[in-house]
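Okay, so here's the structure we're looking at.
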Amino acid sequence: MEPSFSKLQTLRFLLPILWKISGVALVLLIGITLIQAVIPIAQLSLTSKLVEEAAQLFQGNSVSGLRDVWLLVILQFVLLLISALLGSVFKYTQQFFNERATLYFDEMMSTKVNRLPLSYFDNHLNYDRLQRTSFSIQMQGISIVFIMLTMIQSIITVTGFMVVLYQFHWLLSVGMFLLVVPMLWTYLYESKASFKLFVQQTPDERMSSFLSYLLKSREGAKELRVFELADYLIGKWKLISKRNIERKLALERKTIGISLGMQMISLALLSGMLLFALNTGANGRLEIGQYVALVQALFSTQTLIQGLAQGYSNLHQNLLHASEVVSFVRLADKSDQRGKADFPSPIKQGIVVNNLSFQYDGAPSPSIEELSFTVKAGETIAIVGDNGAGKTTLAKCLLGLYSPSSGSIAIDGMDYAEIRAASLRSRMSAIFQDFVQYPFPVWENIGLGELAELNNRDRLKQSAEQANIVSFIDKLPEGWDTVLGIQFDGGHELSYGQWQRIALNRAFFRDFDVIVLDEPTASLDPMTEAAIFENLMMLTRGKTAFFITHRLGSCRFADRIIVLKEGRLVESGDHETLMNKDGEYAAMFRKQAGWYTKEWNKQKLGV
Ligand SMILES: Nc1ncnc2c1ncn2[C@@H]1O[C@H](COP(=O)(O)OP(=O)(O)OP(=O)(O)O)[C@@H](O)[C@H]1O
């Protein structure tokens, strides 16, 4: 996939950013580059003079004796010293600039990723793009400035050398110029081919890193041992990695062949020019000092031209990588196209879901279809249904994380799309099935629910009291300051259910109008679960709450139950109404209740 930004557009986007990162460093780097560019030209004329003087001295023809030679040697020493000093300053400034730029681009990417709609993460092509953008930022994007500086330096030096060569004979400068063509072609071919391979290989590289991570991660450790999967997964990883390596080596073989051909042409040209210089010398038209300078100029120019061609091809490749970054950043900017209204807090009337359908990117059919229901402000709604019925999808739509494919959701008559994203988020809270386990202290794990109150220990304690987890926190080795999880030094691991209680508290710590709880008690013991549901009324008083659950007993706490089946709403009403109706809900409820009754015994299972 060819990035959609031209090299010029990419440069126009990048250069002001690089200037912003550190203008002073840029000026310093450019200044040093310019000085370093003319030093070799001065060196060349010094060498010529030095050899001339030395030849005179050795033959006993020198008028001034050693004095002039000494002066030249000192001059050469000073030039080399300046060059070395500037080299060191350049190296440090480069490192400084690199570190700053990496930080800047990493931050820019993380910010942009988090501004993208959640649906961005539902398409595998976007994961490929994210991977490529990260790689391009880390490895390539910011080297553009250094490549350009090196090229400027080489162009100035080469021009100086070309002038020197031209003074000997115009044929030499033309011959040198001819060297550029095959070199440039070769390197450009190589850079285009390797970028194409980089894009092609992204899905395989992703799978390979996923497997490599799984094989070394804590998440995979249990299953890999129980099912003895290590050898199988290592084999799978090796197969993909070998395929990747083979593709890279095939490209390498091809480019080495082409590059060898190019080198032969350039060496033949160079040898021809050396013979020409020797011939000129033999005919008495060159002094020995001039001959030495000429040979030095020829070799240096050849090396510099090679560097220039390589620099140009690197620049080309880097710009391709950078255009990945630019198109990603631009794409993120386009995504936030919501309205400007504020969330109508507190909610007075309620939420109206009207003909809501949502289809995932690339999915063959909608996951929820034509859902219509209303929720009064302050109501607690249970959402139930089989696996894959569309409960979580509906929850994400209710949270404004997904925009409807068709239909709408409105709060107090205001369509979600009209509300500013930040305003909508600030009034919503949620706990998901796969909540995050932050390896931070307890207070931070809970406080993250409402960043503005993160350091308000009194509010944290009050919220923990309401959620009934104070005694649990007090029993932890360092109470509120206990770092959770064992990934880091001094961390204390919790059971999944304990983690869930912390995550629940985080959700309730937020100052919200609407809360969505996706299987909030799935890992809790029956006593804790009962306590939480009894507490739910108090915790959500005056707020609108949705909870998804497979444990239908908890639906008794809901004002209303919404039953989904294959993405459609099939029933809605409170527990009594739905039981009396004797439809889907009643069937599911009886099935579950049967597990706890006398009739459900071993005989029924045929044991
Ligand atoms: N990111 C996705 N991309 C494509 N399809 C998806 C995605 N997430 C879910 N689906 C599909 O949408 C349908 C509804 O999924 P959803 O997660 O909403 O169901 P659910 O009722 O919450 O299920 P469960 O009870 O198992 O959690 C499923 O058929 C699923 O395959």
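The values are calculated or read from the model by the stated rules, or taken from the named source; none is laboratory data. What you are looking at is a predicted structure, and each value in this text was computed from that prediction instead of being measured. Neighbour counts run over all protein chains shown; Cβ positions are idealised from the backbone, glycine included. Ligands, DNA and RNA are stripped out before the accessible areas are found, and what is left, the full protein with its side chains, is counted by its heavy atoms. Shrake-Rupley method; radii C 1.70, N 1.55, O 1.52, S 1.80 Å.
Only one of these conditions is not met by LEU539: (1) in contact with a Ser or Thr (Cβ under 8 Å, 6 or more places away or on another chain); (2) open to solvent by less than 50 Å² (accessible area, probe 1.4 Å). Which number is it?
(1)
Select from the stretch 110-126 the residues that are closer than 19 Å to ALA422 by Cα and either touching a Phe, Trp or Tyr at 6+ places or on another chain (Cβ under 6 Å) or in contact (Cβ under 8 Å) with a residue 12 or more places away in the chain (or both) and list them in ascending order. Outline the logic, then answer.
First, pick out the residues of the stretch 110-126 that are closer than 19 Å to ALA422 by Cα: 110-120.
Correct list: LYS112, VAL113, ARG115, LEU116, PRO117, LEU118, SER119, TYR120.
From the list GLY235, GLY220, GLY257, exactly one residue is closer than 27 Å to MET176 by Cα and in a helix (DSSP H, G or I). Which is it? Working first, answer last.
Details: GLY235 fails: closer than 27 Å to MET176 by Cα; GLY220 fails: closer than 27 Å to MET176 by Cα.
Answer to the check: GLY257.
Sort out which residues of the stretch 153-170 are surrounded by fewer than 16 Cβ atoms within 10 Å (Cβ to Cβ) and at pLDDT 85 or above, and write them in order of number.
If we filter the stretch 153-170 for residues that are surrounded by fewer than 16 Cβ atoms within 10 Å (Cβ to Cβ), which is where we start, we get 155, 159, 163, 166-167, 170.
Result: ILE155, THR159, VAL163, TYR166, TRP170.
Tell me, which residue of the stretch 346-371 that is surrounded by fewer than 20 Cβ atoms within 10 Å (Cβ to Cβ) and closer than 22 Å to ILE515 by Cβ is nearest to the ligand (Cβ to nearest atom)?
Among residues in the stretch 346-371 that are surrounded by fewer than 20 Cβ atoms within 10 Å (Cβ to Cβ) and closer than 22 Å to ILE515 by Cβ, the one nearest to the ligand (Cβ to nearest atom) is ASN354.
Would you call PHE546 buried (at least 20 other Cβ atoms within 10 Å of the Cβ) and assigned to a loop (DSSP other than H, G, I, E, B)? Give the derivation first.
On the way: buried (at least 20 other Cβ atoms within 10 Å of the Cβ): yes; assigned to a loop (DSSP other than H, G, I, E, B): no.
So PHE546 fails the test.
Do the conditions hold for ILE419, that is, is it open to solvent by less than 40 Å² (accessible area, probe 1.4 Å), of a type in the set (Val, Ile, Thr) and either modelled with pLDDT under 95 or more than 16 Å from the ligand (Cβ to nearest atom) (or both)?
Values: open to solvent by less than 40 Å² (accessible area, probe 1.4 Å): yes; of a type in the set (Val, Ile, Thr): yes; either modelled with pLDDT under 95 or more than 16 Å from the ligand (Cβ to nearest atom) (or both): yes.
For ILE419, the condition - open to solvent by less than 40 Å² (accessible area, probe 1.4 Å), of a type in the set (Val, Ile, Thr) and either modelled with pLDDT under 95 or more than 16 Å from the ligand (Cβ to nearest atom) (or both) - is met.
Taking GLN437 and the conditions (1) at pLDDT below 95; (2) within 16 Å of the ligand (Cβ to nearest atom), which numbered condition does it fall short on, given that it satisfies the others?
Every condition holds for GLN437 apart from (2).
Looking at (1) open to solvent by less than 40 Å² (accessible area, probe 1.4 Å); (2) away from the ligand (no atom under 15 Å from the Cβ); (3) touching a residue at least 24 places away in the same chain (Cβ under 8 Å); (4) not in a strand (DSSP E or B), which is the one condition that is false for CYS555?
Going through the list (1) open to solvent by less than 40 Å² (accessible area, probe 1.4 Å); (2) away from the ligand (no atom under 15 Å from the Cβ); (3) touching a residue at least 24 places away in the same chain (Cβ under 8 Å); (4) not in a strand (DSSP E or B), CYS555 breaks only (2).
Pick from LYS112, LYS91: which is of a type in the set (D, E, K, R), at pLDDT 85 or above, away from the ligand (no atom under 16 Å from the Cβ) and more than 29 Å from ILE39 (Cα to Cα)? Talk me through it step by step, then tell me what you get.
On the way: LYS91 fails: more than 29 Å from ILE39 (Cα to Cα).
Result of the check over LYS112, LYS91: LYS112.
For SER365, indicate whether it is touching a strand residue (DSSP E or B) at 6+ places or on another chain (Cβ under 7 Å) and of a type in the set (S, T, N, Q). Working first, answer last.
Values: touching a strand residue (DSSP E or B) at 6+ places or on another chain (Cβ under 7 Å): no; of a type in the set (S, T, N, Q): yes.
For SER365, the condition - touching a strand residue (DSSP E or B) at 6+ places or on another chain (Cβ under 7 Å) and of a type in the set (S, T, N, Q) - is not met.
Checking the structure you have, find out if any residue of the stretch 29-48 is closer than 24 Å to GLU287 by Cβ, assigned to a helix (DSSP H, G or I), more than 55 Å from the chain's Cα centre (by Cα) and among the polar types (S, T, N, Q).
The answer is no; no qualifying residue exists.
Which residue pairs have Cβ atoms closer than 9 Å, lie 6 or more positions apart in sequence or on different chains, and pair a first residue in the stretch 448-473 that is part of a loop (DSSP other than H, G, I, E, B) with a second residue that is surrounded by 16 or more Cβ atoms within 10 Å (Cβ to Cβ) and among the acidic types (Asp, Glu)?
Listed pairs, sorted by first residue: LEU454/GLU444; ASN456/GLU450.
When only residues in the stretch 422-432 that are in contact with a strand residue (DSSP E or B) (Cβ under 8 Å, 6 or more places away or on another chain) and more than 16 Å from the ligand (Cβ to nearest atom) count, which is nearest to ARG501 (Cα to Cα)? Let's see the steps before the verdict.
Initially, the stretch 422-432 is screened for residues in contact with a strand residue (DSSP E or B) (Cβ under 8 Å, 6 or more places away or on another chain), giving 423, 427-432.
Okay, now just the ones that are also more than 16 Å from the ligand (Cβ to nearest atom), so 423, 427-429.
Numbers: SER423: 27, ARG427: 21, MET428: 19, SER429: 15 Å.
Ranking the qualifying residues of the stretch 422-432, first place goes to SER429.
Where residues in the stretch 507-521 are more than 16 Å from the ligand (Cβ to nearest atom) and part of a strand (DSSP E or B), which of them is nearest to ILE347 (Cα to Cα)?
Within the stretch 507-521, the first condition is being more than 16 Å from the ligand (Cβ to nearest atom), and the residues that meet it are 507-515.
Remaining after also requiring part of a strand (DSSP E or B): 514-515.
Numbers: VAL514: 9, ILE515: 13 Å.
Going through the qualifying residues, I end up with VAL514.
For the structure I just gave you, tell me whether ALA587 is assigned by TED's automatic domain parsing to the domain that holds THR380, modelled with pLDDT under 85, small (Gly, Ala, Ser) and not in a loop (DSSP other than H, G, I, E, B). Outline the logic, then answer.
Details: assigned by TED's automatic domain parsing to the domain that holds THR380: yes; modelled with pLDDT under 85: no; small (Gly, Ala, Ser): yes; not in a loop (DSSP other than H, G, I, E, B): yes.
Against the criterion (assigned by TED's automatic domain parsing to the domain that holds THR380, modelled with pLDDT under 85, small (Gly, Ala, Ser) and not in a loop (DSSP other than H, G, I, E, B)), ALA587 does not qualify.
Hey, among the residues in the stretch 522-552 that are among the basic types (Lys, Arg) and more than 15 Å from the ligand (Cβ to nearest atom), which one's farthest from ALA464 (Cα to Cα)? Talk me through it step by step, then tell me what you get.
Our first condition is that a residue be among the basic types (Lys, Arg); within the stretch 522-552, this holds for 541, 543, 551.
Checking which are more than 15 Å from the ligand (Cβ to nearest atom) leaves us with 541, 543.
Working: ARG541: 16, LYS543: 18 Å.
Within the stretch 522-552, the match that is farthest from ALA464 (Cα to Cα) is LYS543.
Quick one: is LEU320 more than 16 Å from the ligand (Cβ to nearest atom), open to solvent by less than 20 Å² (accessible area, probe 1.4 Å), modelled with pLDDT under 95 and of a type outside the set (S, T, N, Q)? Talk me through it step by step, then tell me what you get.
Working: more than 16 Å from the ligand (Cβ to nearest atom): yes; open to solvent by less than 20 Å² (accessible area, probe 1.4 Å): yes; modelled with pLDDT under 95: yes; of a type outside the set (S, T, N, Q): yes.
In short, yes.
Working only within the stretch 383-408, note down all residues that are assigned to a strand (DSSP E or B) and either near the ligand (Cβ under 6 Å from one of its atoms) or surrounded by fewer than 18 Cβ atoms within 10 Å (Cβ to Cβ) (or both). Give the derivation first.
First pass over the stretch 383-408, keeping only residues assigned to a strand (DSSP E or B): 383-385, 406-408.
Passing the criteria: GLY385, SER406, GLY407, SER408.
Would you point out the residue of the stretch 117-143, among those that are at pLDDT 80 or above and aliphatic (A, V, I, L, M), that is farthest from THR33 (Cα to Cα)?
LEU118
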